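None of the figures in this text is laboratory data; all of them are computed from the coordinates on show. Only a predicted model underlies this, so the values are computations on that prediction, with no experimental measurement involved. All Cβ positions, even for glycine, are placed from backbone atoms using ideal geometry, and neighbour counts span all protein chains on display.
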Amino acid sequence: MTRRRLSEDEVALWKRVAETTEKMHPELTRAELPKPKPKPVKKPRAHQGPEDLQAFRVGAKAKSAGAPHNLAPSVGDALRKTPVQMDSKQFGKMKRGKMVPEGRIDLHGMTMDKAHPALIGFVSRAHAQGKRLVLVITGKGKHRDEGGPIPVRYGVLKHNVPQWLRMAPLSHIVMQVQEAHISHGGSGAYYVYLRKSR
């Protein structure tokens, strides 16, 4: 982008304005005017010396080795914090695996583009048939994090299915989503409690 040059009229106008101004400090010459303060220069951080480092022995593991770097809560933790929408006695029975699911779908091994429509169709049909509790099996997922700078979620379907159940077109028929009891697949499956069909 090139700067626009002032026209002759604009230069003449500026000169007339400049002639009418008064100096702020007429007693000072240009050389005596205070100079602006220089911008502070950031000092590079000093390298740690041997006295700053903690003792480390050859062959020892670093303290952070193997520590999870996932700042988001797990899906199970997030589901446990959601308020109970269904009858509390029924919810307790469901969590303990005492309620038998009336239908089930196994999404394990499917890609997201196949699993999403399959889930929508299954839950919609179950609701239309008057079923209240269905089981959605996602699997626990494969560990694909290569240790790169951006962590990769563990179990794509496991993380996406609860979100899909909270979104249209299923949000108005799904009342509660909860990780399944170990007898029904544990953290690799979800109980989906449906509203009564009208």
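Quick notes on this structure:
- Listed residue pairs exceeding 31 Å between alpha carbons, taken from LYS23/LYS43; LYS81/LYS114; LYS89/LYS114; LYS89/LYS158; LYS61/LYS81: LYS23/LYS43; LYS89/LYS114; LYS61/LYS81
- Net charge of neighbours whose Cβ lies under 9 Å from the Cβ of SER187, counting Lys and Arg as +1 and Asp and Glu as -1: +1
- Residues of type lysines that LYS42 reaches as a straight line, Cα spacing below 25 Å, ignoring anything fewer than 8 places off in the same chain: none
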